[in-house]
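The structure appears below as structure tokens.
Computed from the coordinates by the stated procedures, all read-outs in this text should not be read as laboratory data. Predicted model, so just to flag it, every value in this text is computed and none were measured. Methodologically, a virtual Cβ is constructed for each residue, glycine included, from the backbone with ideal geometry; neighbour enumeration extends over all protein chains shown.
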Amino acid sequence: MAQQFVNSKLAPNKVVVFAKKTCPYCRKAIELLEELNLKPGHLEIVDLATQRDMAAIQDYLLEITGARTVPRVFIGEKCIGGFSELDALHRSGKLKPTLEKIGAL
């Protein structure tokens, strides 16, 4: 179920953030992405705290990304990591071109 749930959220032209509303790094990641004004429908925030099988989803995220912590940020179908990696991409000037490449900007 967890694998199917996660995979159903990912798409080549979307940014997906698996997060928890109580997590300060999740909020920072979401704020950063919202400031970029992605095209409608190209940003999805998945609040894991609302999922019955949250632990199983995080276990699957560990399996495919190497970490079960949140946020887990996917650009296209590739996990770039968490907030630190997202922020580093942004500060280096590489985030916008990456988002443009997948059609999200």
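General remarks:
- Protection proxy ranking of 86-96, 56-66 - average other beta-carbon atoms within 10 Å, highest first: 56-66, 86-96
- Note on segment 2-101: Kirkwood hydrodynamic radius from all Cα pairs is 13.5 Å, rounded to one decimal.
- Candidate aspartates and glutamates - alpha carbon under 20 Å from K94, same-chain residues fewer than 8 apart omitted: E31, E34, E35, E77, E85
- Were the residues from D59 through E34 laid out at 0.36 nm apart, the gain over their Cα-Cα distance would be 6.3 nm.
- Lys/Arg +1, Asp/Glu -1 at C-beta; the chain dipole; positive extreme among G103, G82, V17: G103
- Reachable lysines, given that their alpha-carbon falls under 20 Å from the alpha-carbon of K96 and they are not under 8 places away in the same chain: K14, K28, K39, K78
- Isolated cysteines in the chain, defined as those with no second cysteine Cβ under 4.7 Å, comprise C79.
- For L43, residues with placed amide H under 5 Å, excluding near neighbours: V15
- Estimated vicinal HN-Hα couplings, Hz - segment 11-25 in sequence order (Karplus 6.51, -1.76, 1.60; Gly, Pro = x): 8, x, 10, 10, 10, 10, 10, 8, 9, 9, 4, 7, 8, x, 6
- Angle between the chain longest axis and helix 54-65 axis [Cα atoms, degrees, rounded to 10]: 50
- Extension gain (nm, one decimal) between D87 and N7, 0.36 nm per residue minus Cα-Cα: 26.4 nm
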